[in-house]
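Chemist: Quick one: this structure, given as structure tokens, is what I'll be asking you about.
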Amino acid sequence: MKKDFLKILDFNAEELNEIIDLGIELKSQNKKGIKHHLLEGKTLGLIFEKSSTRTRVSFEVGMYQLGGYPMFLSSNDMQLGRGESIQDTARVLARYVDGIMIRSFEQSKVELLAEYADIPVINGLTNEAHPCQIMADLMTVKEYKGDLKGLKAAFIGDGNNVCNSYAVAALKLGMEFVLSCPEGYEPHPAVLDFAKGKTNFKIVRKPEEAAKNADVVITDVWTSMGQELEQKKRLNDFSGYLVDEKLLALAKPGCIVQHCLPAHKGEEISEESFEKHAIEIFDEAENRLHVQKAIMVKFMK
Ligand code: CP
Ligand code: NVA
């Protein structure tokens, strides 16, 4: 296993399955009230350059449940926010804490932090990837559907960070991945490169074609953090990419719906479909806690 958890592309199917299965095990122990202080005495620094509800709270609670200590570090209050370099920040923090989780803009910045910090670094979202989210998503699919192999995942909307990580993980784990997005909103070139030639990967324009016979339908906001200035254009470009009951009627019976949240109901997903699938969507949110505990244990123990 690599030192850091930065992107799904860095891991093979066996490693990804190990994380998901440990997440499922830790969840079941947690539900039985079994304590597992596997990171007793360890500290995780949590750097946030973007807002967060789920990532911050699930990492903080997860670290406490593992017997460790989480330290929230808002970049605005750090010298990092005043121009101290990521390389120096990495080398300083590595002398104090046992691991760093970072939410940032460019993936390259997170990769640089990991290069300069000789402690594990976990990616809590960049413009290009959201690997912790996707581990939680696939853990949830496994809970609902059993084996992931052969399942069809349909992603409706933007080829963004969530889509990038989902596509790579789904393909590595033997799923079919079909993205329906408007022209110009395709995934990152590295993802397209990875998917090239794979018969279980497709990009289509019509949401109906993607949703047909899907076991899982996934969507996410059309305007991600940092893209606020493009909002008007995006609203226009994505019209017709709404996940609603009409679209979901084309999917397999028992199809589950996923949304990483926060959701813009009435834009990418109808209020009705969101509420009909709320149990799955909030199981997905809960699983951030369990799977990230697995990630912390795997990388920091
Ligand atoms: N899904 C997700 O990462 O949520 P937050 O932005 O609230 O952390
Ligand atoms: N694609 C969204 C995910 C939020 C968790 C964003 O980057 O804002």
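The values are calculated or read from the model by the stated rules, or taken from the named source; none is laboratory data. Predicted, not measured: the structure shown is a model, and the values here were computed from it. Neighbour counts run over all protein chains shown; Cβ positions are idealised from the backbone, glycine included. These area figures cover heavy atoms from the full protein model, side chains too; ligands, DNA and RNA do not enter into them. Shrake-Rupley method; radii C 1.70, N 1.55, O 1.52, S 1.80 Å.
Chemist: Which pairs turn up if I take residues in the range 273-301 that are under 25 Å from residue 101 (Cβ atoms) and look for partners that are crowded, with 22+ Cβ neighbours inside 10 Å and aromatic (Phe, Trp, Tyr) with beta carbon separation below 7 Å, at least 6 apart in sequence or on another chain?
Modeler: 292/59; 295/5; 299/5
Chemist: If you don't mind, there's one more thing I want to ask. Among (1) within 16 Å of ligand 2 (Cβ to nearest atom); (2) closer than 30 Å to residue 11 by Cα, where does residue 295 come up short?
Modeler: That leaves (1) as the condition not met.
Chemist: Would you please name the residue that is nearest to residue 28 (Cα to Cα), looking only at residues in the range 140-159 that are out of contact with any strand residue (DSSP E or B) (no Cβ under 7 Å at 6 or more places or on another chain) and surrounded by fewer than 24 Cβ atoms within 10 Å (Cβ to Cβ)?
Modeler: Only one residue fits best here, namely 143.
Chemist: Taking residue 199 and the conditions (1) in a helix (DSSP H, G or I); (2) open to solvent by 20 Å² or more (accessible area, probe 1.4 Å); (3) more than 16 Å from ligand 2 (Cβ to nearest atom); (4) not basic (Lys, Arg), which numbered condition does it fall short on, given that it satisfies the others?
Modeler: Going through (1) in a helix (DSSP H, G or I); (2) open to solvent by 20 Å² or more (accessible area, probe 1.4 Å); (3) more than 16 Å from ligand 2 (Cβ to nearest atom); (4) not basic (Lys, Arg) one by one, residue 199 breaks only (1).
Chemist: Name every residue in the range 180-194 that is touching a helix residue (DSSP H, G or I) at 6+ places or on another chain (Cβ under 6 Å) and open to solvent by less than 40 Å² (accessible area, probe 1.4 Å), in order of residue number.
Modeler: Selection gives 180, 182, 187, 191.
Chemist: Somewhere in the range 90-98, is a residue in contact with a helix residue (DSSP H, G or I) (Cβ under 7 Å, 6 or more places away or on another chain), open to solvent by 80 Å² or more (accessible area, probe 1.4 Å) and within 22 Å of residue 109 (Cα to Cα)?
Modeler: yes
Chemist: Quick one: how many residues across the range 202-213 are assigned to a helix (DSSP H, G or I), open to solvent by 90 Å² or more (accessible area, probe 1.4 Å) and under 13 Å from residue 151 (Cα atoms)?
Modeler: Number of matching residues: 0.
Chemist: Of all residues being open to solvent by less than 30 Å² (accessible area, probe 1.4 Å) and farther than 18 Å from residue 22 by Cβ in the range 51-72, which is farthest from ligand 1 (Cβ to nearest atom)? Just the residue, please.
Modeler: In this case the residue turns out to be 70.
Results for (1) open to solvent by less than 50 Å² (accessible area, probe 1.4 Å); (2) without any contact (Cβ under 8 Å) to a residue 60 or more places away in the chain; (3) farther than 23 Å from residue 15 by Cα, shown as yes or no for each residue.
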residue	(1), (2), (3)
80	yes, yes, yes
111	no, no, no
114	yes, no, no
125	yes, no, no
136	yes, no, no
